[in-house]
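Below: one structure, written as structure tokens.
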Amino acid sequence: PVANYVPAVRIGNLVYTSGQLPFVSGKLEFRGKVHEGADGTVTPEQAVSAARQCTLNALAAIDALVGLDSITRIVKVTGYVASGPGFSGQPQVLNGASDLLADIFGDAGVHARSAVGVAELVGATQRVGDLGVGGVGIQARLGDRVGARGGELPALVRIARLEDHRPPLRAARHPECA
């Protein structure tokens, strides 16, 4: 985490993730506001890719806390998109997250969603500035069966399990939340 919070919290049979940024190997992958056709901005296509990366990072936070095989249903996804003037494609940007979850979990990955466009987002430090996709958070229901289709997690999620994709954990399992 980049501030005073944990990447994921379990309450009963639900797990909630904090908003995840599009970090790859500790580096922010995309910077700027999403806008079509303007120089120095994040294109809508890049923002879709960033939303996928945010989702992989959220899944890595869940994996570190309870394991991905515990997921029986993705309940809700919330995404914040730093948007340039006139950009209204936030739902299409968040399709990057939603499509990935449906690919991984099948019908259990189809979820409720909020896609929010914002003027500014604070990143890992003040010098990071605006982010094309500022955060994707996931709420998932847990149970005793394997959540991914066919019991085998796709290669993308196995990549998200790698140590350099995992957010550092602080007090991830509070005794009252286990």
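The values are calculated or read from the model by the stated rules, or taken from the named source; none is laboratory data. A quick note: this is a predicted structure, and the numbers were derived from the prediction, not measured. With ideal geometry, Cβ positions are generated from the backbone for all residues, glycine too; neighbour counts draw on all protein chains shown. Accessible surface areas use protein heavy atoms only, side chains included; no ligands, DNA or RNA. Shrake-Rupley method; radii C 1.70, N 1.55, O 1.52, S 1.80 Å.
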Inset, instruction - Could you check, for the stretch 13-33, whether at least one of its residues is open to solvent by less than 10 Å² (accessible area, probe 1.4 Å) and more than 16 Å from residue 137 (Cα to Cα)? - result: no
Legend entry - Sole exception among (1) under 17 Å from residue 114 (Cα atoms); (2) assigned to a loop (DSSP other than H, G, I, E, B); (3) open to solvent by less than 30 Å² (accessible area, probe 1.4 Å) for residue 58, by number: (2)
Legend entry - Test set (1) part of a helix (DSSP H, G or I); (2) farther than 21 Å from residue 107 by Cα; (3) of a type outside the set (A, V, I, L, M) - residue 92 fails condition number: (2)
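Could you say which residue among 38, 51, 3 is at pLDDT 90 or above and among the aliphatic types (A, V, I, L, M)?
51
When you go through 70, 83, 114, 98 one by one, which is the residue that is farther than 20 Å from residue 28 by Cα, touching a Lys or Arg at 6+ places or on another chain (Cβ under 7 Å) and either open to solvent by less than 50 Å² (accessible area, probe 1.4 Å) or modelled with pLDDT under 80 (or both)?
98
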